[in-house]
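For reference, the structure is listed below as structure tokens.
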Amino acid sequence: MFNSEGAAPSEVKNQLLNMGFMTTKGNYDFVYDWGDVDADLDQIVFFADKVYTALKHSRVFFNIQTI
């Protein structure tokens, strides 16, 4: 979710792409492919912290969902 007082959607997109996310259409806008890694909860939370840090002060809401 974007806020008109926050970062532009293109800035958020660039931040996420720089972190290794890929764009997609449908239920999700961005996905992160762990490849052959079977990420455990600690790795996922650590990665979520990295996303949080990258988007801090951008005034956007994000959620992380594993599938």
Which one, Lys50, Lys13, Lys25, has the greatest fluctuation when you compute a Gaussian network model over the chain with C-alpha springs under 10 angstrom? Lys25
Would you mind working out the magnitude of the charge dipole of the chain relative to its Cα centre, with +1 at each Lys and Arg C-beta and -1 at each Asp and Glu C-beta, to the nearest 20 Debye? 360
I'd like the distance separating the alpha-carbon centroids of the stretch 48-67 and the stretch 1-15, in whole Å. 12
Could you give each residue of the stretch 34-39 its phi-based ³J(HN,Hα) in whole Hz, using Karplus coefficients 6.51, -1.76, 1.60 with θ = phi - 60°, and x for Gly or Pro? 7, x, 7, 6, 8, 4
What helix-only [θ] at 222 nm does the chain give? Using -39500 (n - 2.57) per DSSP H run of at least 4, over all residues, to the nearest 500, the answer is -11500 deg cm²/dmol
Quick one: 3J(HN,Hα) in Hz for the stretch 50-64, Karplus 6.51/-1.76/1.60 with θ = phi - 60°, rounded, Gly and Pro as x. 5, 5, 4, 5, 5, 9, 4, 6, 8, 6, 10, 9, 9, 9, 10
Residue farthest toward the positive end of the dipole of the chain, with Cβ of Lys/Arg at +1 and Asp/Glu at -1: which of Phe46, Asn18, Thr66? Asn18
Find, to one decimal place in angstroms, the Kirkwood hydrodynamic radius of the chain, where the mean of 1/r is taken over every pair of different Cα atoms and then inverted. 12.8
Given H placed on each backbone N at 1.01 Å, which residues far from Phe30 in sequence or on other chains put an amide H within less than 5 Å of it? Thr24
If you fit an axis through the alpha-carbon atoms of helix 9-18 and take the longest principal axis of the Cα set of the chain, what angle between them do you get, 0 to 90°, nearest 10? 30
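Just so you know, all these numbers are worked out from the coordinates, no wet-lab data involved. Please read all numbers here as calculations on a predicted model, not as lab measurements. Neighbour counts are summed over all protein chains in view; Cβ atoms, including those assigned to glycine, are modelled from backbone coordinates with ideal geometry.
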